[in-house]
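K.L.:
This is the structure, below, for whatever I ask next.
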Amino acid sequence: IVNLYGYTDTSIAAYNEASGIIISEDGYIITNAHAVEDIKRFKAKLHDEREFEATVVGIDTRTDLAVLKIEADDLVPAVIGSSDDMKQGEQVVAIGNAGGFNDTVTVGYVSYVNREIQSYTNYPITCIQTDAALNFGNSGGALVNMYGQVIGITSSKYVSSSFEGLGFAITVNEALPVIEELINNGYISGRFRI
């Protein structure tokens, strides 16, 4: 898991904070589209305190997924599991840059598998619903099963005095084809745009 810091053209301090998941030894990182959209520069800070400039490979706002790249070749990628294997009531761990506190771990349960919610651009995305605490900065981080496998990319939560413990992570099985196409093409083919 990496901590992502976004900067505007004029900012010295980080304008935005998010999380990312290393998926290859050579520096591909997945995160949320809403965490990187409209940001000019990125820094990725690893667990060992090394920092790298990160560039955007591709963004898909429909699925709220993005891929960044850092120039490194000695990284340890996350182990990807299968979100289809998850069951309601299983314990999960959310890892991310919660509130600017890097490498924060929260524990919860799978509240629902394959819950369809509206993304921030009003397209439906399939998520794992969890009661693990998700905070500002968790976006793009990992939802991990008890085997240490990434089964979701944390994305959103309901924020209101009426709601508590309603967090959502994009299922890794829905995310992987999008991520592969973003790495290969930089965009999702077959989508019409104006």
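The values are calculated or read from the model by the stated rules, or taken from the named source; none is laboratory data. If you're wondering where the values come from, they're calculated on a predicted model, not measured in any experiment. A quick note on method: Cβ atoms are made from the backbone with ideal geometry, for glycine too, and the neighbour counts reach across all protein chains shown. Surface accessibility is based on the protein's heavy atoms, side chains included, excluding ligands, DNA and RNA. Shrake-Rupley method; radii C 1.70, N 1.55, O 1.52, S 1.80 Å.
K.L.:
If exposed means no more than 11 neighbouring beta carbons inside 10 Å and the site is in a DSSP loop, what's the longest run of the chain without any exposed trypsin sites (Lys or Arg not before Pro)? Working shown, then result.
P.N.:
Numbers: sites that count: Lys87, Arg191, Arg193.
Value returned for the longest uninterrupted segment is 88-190.
K.L.:
Roughly how many Å² is the accessible area per residue of segment 58-118, as a whole number, for a 1.4 Å probe? Walk me through the intermediate numbers first.
P.N.:
Numbers: 3030 Å² over 61 residues.
For segment 58-118, the solvent-accessible area averages 50 Å² per residue.
K.L.:
Please give the charge dipole size of the chain, origin at the Cα centre, charges +1 on K and R Cβ atoms and -1 on D and E Cβ atoms. Round to the nearest 20 debye. Mind dumping the intermediate values first?
P.N.:
Details: 12 positive and 25 negative charges, 106 e Å.
I would put it at about 520 debye.
K.L.:
Might you work out the accessible area of Thr63 for me, using a 1.4 Å probe with all protein chains in place, and round it to the nearest 10 Å²?
P.N.:
20 Å²
K.L.:
Return the calculated 222 nm mean residue ellipticity for the chain, to the nearest 500 deg cm²/dmol, obtained by summing -39500 (n - 2.57) across DSSP H runs with n ≥ 4 and dividing by the residue count.
P.N.:
Working: 2 runs with 18 residues, N = 194.
When only DSSP H runs of four or more count, the value is -2500 deg cm²/dmol.
K.L.:
If you stretched the chain out fully between Gln91 and Thr121, how much longer would it get, using 0.36 nm times the residue separation minus the C-alpha to C-alpha distance? Intermediate results must be reported in sequence, preceding the final value.
P.N.:
Details: separation 30, 0.36 × 30 = 10.80 nm, distance 2.96 nm.
Extending this stretch completely gives an extra 7.8 nm.
K.L.:
Modelled label-to-label distance, Asp26 and His47, 7 Å Cα→beta-carbon offset: nm?
P.N.:
It works out to 2.4 nm between the two label points.
K.L.:
Tell me the accessible surface of Tyr120 in square angstrom (1.4 angstrom probe, heavy atoms of protein chains only), to the nearest ten.
P.N.:
Approximately 100 Å² of Tyr120 is accessible to the 1.4 Å probe.
K.L.:
Let me understand segment 65-105 better: what is its radius of gyration from the alpha carbons, and its Dmax, in angstrom?
P.N.:
14.1, 39
K.L.:
First check a/c for segment 84-153, with a ≥ b ≥ c the square roots of the eigenvalues of its C-alpha gyration tensor; if it is under 1.5, answer rounded, and if not, answer prolate when a/b is larger than b/c or oblate otherwise. Numbers along the way, then the final one.
P.N.:
Working: a/c = 2.00, a/b = 1.10, b/c = 1.83.
Note, shape of segment 84-153 comes out oblate.
K.L.:
Separate question: In a Gaussian network model over the chain where Cα atoms closer than 10 Å are linked, find which of Ala66, Ala54, Ala14 has the largest mean-square fluctuation.
P.N.:
Ala14
K.L.:
Heavy atoms of the protein only, probe of 1.4 Å, neighbouring chains included. What is the accessible area of Glu25 in Å², nearest 10?
P.N.:
Accessible area of Glu25: about 110 Å².
K.L.:
Here's something else I'd like to know. Applying 1/(1 + (r/R0)^6) with R0 = 45 Å to the Cβ-Cβ distance of Tyr147 and Thr10, what FRET efficiency is obtained, to the nearest 0.05? Could you put the intermediate results ahead of the total?
P.N.:
Working: r = 44 Å, r/R0 = 0.99.
Once rounded, the FRET efficiency stands at 0.50.
K.L.:
Determine, for the chain, the count of lysine pairs separated by eight or more sequence positions (or lying on different chains) whose alpha-carbon distance falls under 30 Å. Spell out each step's value before the answer.
P.N.:
Details: Lys40/Lys69; Lys40/Lys157; Lys43/Lys69; Lys43/Lys157; Lys45/Lys69; Lys45/Lys157; Lys69/Lys157; Lys87/Lys157.
Pairs that pass both the separation and distance tests number 8.
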